[in-house]
Amino acid sequence: MIPTTPIRQAAQALAQAHHIVCLTGAGVSAESGVAPFRAAQTGLWSKFYPQRLASQEGFADDPGLVWRWYMERLRTVEAAAPNPGHRALAQLETLKPAFTLVTQNVDNLHERAGSRQVYHIHGRINHFRCNYCRAEYPLQAHEQTQEQPPICPHCSELVRPDVVWFGESLPVDVVDIAWRAAESCEIMLVVGTSGVVYPVAQLPSVAKRAGALVIDVNPQCTPVSEMADIFLQGAGGVVLPQLLEALSPTLP
Ligand code: OAD
């Protein structure tokens, strides 16, 4: 059953589009039990001080604290399972000739749901590198429970998760792909982001200025839903499967 008109509108637009960009944020993983950053009581940044845990300064002050916090988050991600929202996006990728999935999430739940190409614009929590020479570091299972970060075998500096911290640059290759895709897509589908962390928060506007239709999926109203052409208010794990269901009969 097709429940609402905005979903039908969005499905029709998706059916006609050739190139879709999907931008996801922490909300898409919320129903998998991975806490988002900015929820009033449950958000990570309401309980932890971001500059202390996600910055060069914090890592220099107390590398063990930062390491243990990320290892705890890694365990949460590894214990989590993809939800119907992740799976619907993986299915959408198979239905469209050009689908670019850009995520701000450092988890791998999109990949585990079956998405074939995922651009991690804020890095990946299950990849590691030297904080100094940037050499990749294959983490051994026992190192996850260590109190302190491992030491780089090349330069003896500290190993860290390959995520983007406050004040650091985003990976230029991913930024390039994301911006080009936003400028050339017909639909920007945004799921589960508060839309307040720049520069990624610009992507929906970049797409809109270039003529794309912006669809936002979020239980809460955000700056993205305010500028979106279609706002599908609700949880990704509910709305995205409904969107797929509405899309299927309209496909050629
Ligand atoms: P936020 O925690 O800022 O926002 C999560 C959004 O998801 C909110 O707008 C929620 O309303 C929405 N949400 C909650 N449950 C949802 C659900 N079931 N389905 C859909 N949406 C839901 O997370 P991000 O916008 O991803 O950066 O945060 C952006 C960046 O801020 C993160 O990548 C991280 C953080 O600092 C870095 O670590 C560099």
Open item on the list: Relative contact order for the chain: what percent, with Cα pairs under 8 Å and sequence separation of 6 or more?
Closed with: 26 percent
TODO: On a 0 to 90° scale, report how tilted helix 5-16 is relative to the longest principal axis of the chain, with both axes built from alpha carbons and the result rounded to the nearest 10.
DONE: 80 degrees
Task: Between helix 84-95 and the chain: long-axis angle, C-alpha atoms, 0 to 90°, nearest 10 - done: 60 degrees
TODO: Using 0.36 nm per residue of separation minus the Cα-Cα distance, give me the extension gain between W45 and T145 in nm, one decimal.
DONE: 33.7 nm
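Coordinate-derived values only; no laboratory data. This one's a predicted model, so the numbers in the text were calculated from it and none came from an experiment.
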